[in-house]
Amino acid sequence: MRALVVDEFGPIANARIRDVPAPVPRPDELLVEVRATAANYVDLVLIAGRHQSKPPLPFIPGKGPAGIVRGVGGDVTGFAPGDRVLAMCEPGGGFAAEIAVPASQCHRMPDALSFVDAASMALVYDTAWFSLRERGRYQEGETVLVLGASGGVGLAAIQLAKALGARVLAGIATPAKADLARAAGADAIIALDRVNLIDDLRAQVYAATDGKGADIVIDPLGDAIFDAAIRALAWCGRLVVIGFAAGRIPTLRTNYLLVRNIDVCGLQIGDYRKRRPDKTARCFDEIFALHAAGRIRPLPTAVLPIDRVHEAFAAIADRSARGRLVMVQEGL
């Protein structure tokens, strides 16, 4: 079969479409015919070899493919050929015609959810859910500050937090993308492009919360934005670290945690998939139910053929992408 394969860590040009042997499912796996897979920032990190866990070479990137079950391992129950599933695969494998995935990592899709929409929602909505529900301990009516709010996880977090009853502040570094956050339901925009961000971010958040601050901050950015955002937390607030897309990995003087009774925690969602598949299943049950009820929706999505995957990753790398970029597997 044809697949996008990384033979050597480095730039995205190192990933090439070529022929590879078709996968054979193990007893605990499903064989899934892939229909759609989104391009994600984490794919770039994995391809570059900068992720905390380096996959063995060669590997096929692409997390969260949506497709149809074509084979069922001998130990698997609850699935049958023809089932439509979203497969949360580690470290990837979705940019291929077929993939073998542990059944515990596959989630049956509602009939009304298309393959493209499911792929668009994968990795961003579940990351947002774990950030809010699990790590952020969200309570109804709290205020959530979403940093990097025009990115995939950011837009998903805005929609999900609103669906759960939150007031949402959207941190935006590129003013031209503020419309995306507003369309997702943000109650206010927090500008991240200010010169004196260390003071200005807190001032903006306090102005939007009557001086209280944000109960939860979701941070995929790090760098100086983390330094500023932690000062904008409310008493007993929680900051959830999910990445460092802005560059520097920040450090923290822990006396600040004590003085303000605040928490800083991290989310590595791949560990939850492996260690707590029950919680991942609960996550997707709620996401699919909220979608069915019309309370959340897939993000703005551009659909591209797999042979334009390098173009998609270039748009993610230079931050010109607006919404999600989903690769369809035609031609593999």
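The values are calculated or read from the model by the stated rules, or taken from the named source; none is laboratory data. Worth saying up front: this structure is predicted, and the values here are computed from it rather than measured. All Cβ positions, even for glycine, are placed from backbone atoms using ideal geometry, and neighbour counts span all protein chains on display.
Give the residues of the stretch 128-177 that are within 18 Å of Ala232 (Cβ to Cβ), hydrophobic (A, V, I, L, M, F, W, C) and in a helix (DSSP H, G or I), sorted by residue number.
Leu132, Ala157, Ile158, Ala161
Please note which strands (runs of 3 or more DSSP E) are completely contained in the stretch 1-41 and include at least 1 residues that are without any contact (Cβ under 8 Å) to a residue 12 or more places away in the chain and aliphatic (A, V, I, L, M). Reasoning before the result, please.
Working: elements: 2-6, 15-19, 29-38.
In the stretch 1-41, no matching strands (runs of 3 or more DSSP E) lie anywhere.
Kindly evaluate Gly49 against the criterion of being of a type outside the set (D, E, K, R), more than 21 Å from Asp307 (Cβ to Cβ) and either surrounded by 12 or more Cβ atoms within 10 Å (Cβ to Cβ) or in contact (Cβ under 8 Å) with a residue 60 or more places away in the chain (or both).
Spelling it out, Gly49 is indeed of a type outside the set (D, E, K, R), more than 21 Å from Asp307 (Cβ to Cβ) and either surrounded by 12 or more Cβ atoms within 10 Å (Cβ to Cβ) or in contact (Cβ under 8 Å) with a residue 60 or more places away in the chain (or both).
Specify the residue that is nearest to Ala96 (Cα to Cα); the eligible residues are those in the stretch 316-326 that are touching a Leu at 6+ places or on another chain (Cβ under 8 Å) and at pLDDT below 90. Steps first, please.
In the first step, residues of the stretch 316-326 are kept if they are touching a Leu at 6+ places or on another chain (Cβ under 8 Å); the result is 316-317, 322-326.
Add one more test, that the residue is at pLDDT below 90, and what stays is 316-317, 322-323.
Numbers: Ile316: 20, Ala317: 22, Arg322: 25, Gly323: 23 Å.
The extreme case among them is Ile316.
Tally time: how many residues in the stretch 113-133 are more than 13 Å from the chain's Cα centre (by Cα) and not assigned by TED's automatic domain parsing to the domain that holds Ala38?
1
State which residue is nearest to Thr174 (Cα to Cα) when the search covers only the stretch 215-230 and only residues that are in contact with a Phe, Trp or Tyr (Cβ under 8 Å, 6 or more places away or on another chain) and in a helix (DSSP H, G or I).
Ranking the qualifying residues of the stretch 215-230, first place goes to Asp223.
Among the numbered criteria (1) out of contact with any Phe, Trp or Tyr (no Cβ under 7 Å at 6 or more places or on another chain); (2) in contact (Cβ under 8 Å) with a residue 24 or more places away in the chain, which single criterion is violated by Ala191?
Looking at each condition in turn, Ala191 falls short on (2).
Being surrounded by fewer than 24 Cβ atoms within 10 Å (Cβ to Cβ) and under 21 Å from Val20 (Cβ atoms) is the filter; apply it to the stretch 52-63 and report the residue that is modelled with the lowest pLDDT.
Only one residue fits best here, namely Lys54.
For the stretch 303-332, give me each residue that is among the polar types (S, T, N, Q) and farther than 15 Å from Gly67 by Cα.
Ser320, the sole residue that qualifies.
I'm trying to understand the selection: among the residues of the stretch 313-332, which are in contact (Cβ under 8 Å) with a residue 24 or more places away in the chain and in a loop (DSSP other than H, G, I, E, B)?
Arg319, Arg322, Gly323, Gln329, Glu330, Gly331, Leu332
For the stretch 287-312, what are the residues that are part of a helix (DSSP H, G or I) and within 15 Å of the chain's Cα centre (by Cα)?
Matches in the stretch 287-312: Ile287 only.
Keeping to the stretch 155-167, report how many residues are free of Cβ contacts under 8 Å to residues at least 60 places away in the same chain, surrounded by fewer than 24 Cβ atoms within 10 Å (Cβ to Cβ) and not basic (Lys, Arg).
Of the residues in that region, 2 qualify.
Going by the structure shown, is Leu257 closer than 23 Å to Thr143 by Cβ and either in a helix (DSSP H, G or I) or not aliphatic (A, V, I, L, M) (or both)?
Here the answer is yes, as Leu257 does meet what is asked.
For the stretch 178-214, which positions are of a type outside the set (A, V, I, L, M, F, W, C), out of contact with any strand residue (DSSP E or B) (no Cβ under 7 Å at 6 or more places or on another chain) and not in a helix (DSSP H, G or I)?
Asp193, Arg194, Asn196, Asp210, Gly211
I'd like the residue in the stretch 116-138 that is in contact with a Lys or Arg (Cβ under 6 Å, 6 or more places away or on another chain) and closer than 11 Å to Gly64 by Cβ and, out of all such residues, is surrounded by the fewest Cβ atoms within 10 Å (Cβ to Cβ).
In the first step, residues of the stretch 116-138 are kept if they are in contact with a Lys or Arg (Cβ under 6 Å, 6 or more places away or on another chain); the result is 120, 123, 136.
Of the ones still in play, those that are also closer than 11 Å to Gly64 by Cβ are 120, 123.
On the way: Ser120: 28, Leu123: 25.
Only one residue fits best here, namely Leu123.
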